[in-house]
Amino acid sequence: MDKQLKRGLSDRIYEKRKATALELERIVSESLNNNDAEKIQLIIKQLRNEFAYDIHEPQARYGGLIGLAAISIALGPNELPKYLSTIIHPVIACFGDNDPNVRYYACEALYNIAKVAKGEILIYFNEIFDILCKLVADVENSVKNGADILDRLIKDIVCDKSTNYISVINNNPNKLKLKDSHIHDKNGNTIQIYDSQNTKAFSLSKFIPLLKERIYATNTYTRLFIVSWLILLDSIPDLELISYLPSFLDPLLSYLKSPLKDVRIITENFLKLLLQEIKRIHEIQLINQSNNDVNKDNNNNDDDLYIPGQNTIIDYPKIIDTLVNNLESNEDLIRLISLDWLINLLIISPKSFILLIPKLLIILLNIISDNNPHLQEIALQLNSDLMNLVSTNQYETNYTLIINNLSNELLKNTSKLNINN
């Protein structure tokens, strides 16, 4: 870039920076038409090193951000993937700046880059999600608003591209290939995993480790943001978020004791959706199994159309264990929802309860002695359902442990009664 361009990008007036960025966009378009990849790379290098990474001069960072966004627009969706890695990382670095204007312009730049990159941006989904987790709780409203607009765009891209978009970089041998690598945050936690063998830009399995770290956030806005993303990901059938439920159920239940009503309401509604989804998947799998049995009897090998959910694997024992542990919560809403889930899951997967019955019965006894009539009623219903399960002798039950636990509980209560008398 010549001196005039560099001076224009560093100008204190936004309109002058914008005009310079438009000129830069024209220059890059011209270089693209002339197949001058070297010039494009040099311009990007200048914007990175002399502008976006200049942590001591906010004006330079403003210019670097608008310049990198302008280059992305000039490159367009077909050429941008080749340069995306070198463009996006300096933008991401700007989100850590103490100047709120830098953070805001970084939101603006990343929005414009993502709008062009579309599905290709999902390669960096973990990094973007990690950034947004912090930005939604930013002290500056302008930054929050910028993050909200960026968040909506990323959500739209995930809805449209997450299950089918194959990365141009990873899939085309003539393009720049990503190597297997990990990106860590300042505490050493892995927030992004690159796998050169996986050509899909979005991977839910690679996102879950980051989710497991961020879901323990205490900030209200961050919690609302995380639940909104869980709802979105769960709404995309082919992703099968429900398979990962044991990874985030426990911290999700803890949101029900949030001091903010909005967090409690959105979490409770989402938990209802998840339970309904589990019940729907169970029904689909029962029907599918029945059809398979009929086809087998009739020697019919024709495969029916695939129905989302028919092959979904749900780890019921882990889910049930989490719910049983949450029955000991001090929060009535957590106990009510946990009881409701357990009653429904007992119908779906009774075998998963067998090992937990001794522990569960003691907890139910304590709930039955509670002063909350609604809790007592649901606990008695679950207790009755468990008695019916044990009485069928369908599964091997550890009666000795059940009797010992109940006897110990009876002795405790007898001792308390004697002390009170």
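For this structure, a couple of remarks:
- The set of residues from the range 136-149 being assigned to a helix (DSSP H, G or I), surrounded by fewer than 24 Cβ atoms within 10 Å (Cβ to Cβ) and either not β-branched (Val, Ile, Thr) or not assigned by TED's automatic domain parsing to the domain that holds residue 80 (or both) comprises 141, 142, 144, 145, 146, 148.
- Test result for residue 384, out of contact with any Lys or Arg (no Cβ under 9 Å at 6 or more places or on another chain) and closer than 27 Å to residue 267 by Cβ: no
- Helices (runs of 4 or more DSSP H) within the range 316-421 that include 3 or more residues over 32 Å from the mean Cα position of the chain (by Cα): 357-368, 373-391, 399-420
- Cβ-Cβ under 9 Å pairs, at least 6 apart or on other chains, the range 61-72 side of a type in the set (Asp, Glu), far side assigned to a helix (DSSP H, G or I): none
- Among the residues of the range 351-379, just one is farther than 19 Å from residue 336 by Cβ and loosely packed, with under 13 Cβ neighbours inside 10 Å, namely 351.
- Of the residues 17, 48, the single one that is assigned to a helix (DSSP H, G or I), buried (at least 18 other Cβ atoms within 10 Å of the Cβ) and more than 35 Å from the chain's Cα centre (by Cα) is 17.
- Here residue 125 fits the description: over 18 Å from residue 21 (Cα atoms), of a type in the set (Phe, Trp, Tyr) and buried (at least 21 other Cβ atoms within 10 Å of the Cβ).
- Whichever residue in the range 56-95 is at pLDDT below 95 and not in a helix (DSSP H, G or I) and, among such residues, is nearest to residue 9 (Cα to Cα): 57
- Residue in the range 97-105 that is among the hydroxyl-bearing types (Ser, Thr, Tyr) and closer than 23 Å to residue 44 by Cβ present: yes
- Count of the range 240-262 residues, restricted to those that are crowded, with 20+ Cβ neighbours inside 10 Å and either touching a Leu at 6+ places or on another chain (Cβ under 6 Å) or of a type in the set (Lys, Arg) (or both), is 2.
- Matching residues in the range 39-54 - criterion: being out of contact with any Phe, Trp or Tyr (no Cβ under 8 Å at 6 or more places or on another chain), more than 13 Å from residue 106 (Cβ to Cβ) and hydrophobic (A, V, I, L, M, F, W, C): 42, 43, 47
The values are calculated or read from the model by the stated rules, or taken from the named source; none is laboratory data. This structure is a prediction, so every number in the text was calculated from the model and none was measured. Counting neighbours? That spans all protein chains shown, and the Cβs are built from the backbone with ideal geometry, glycine included.
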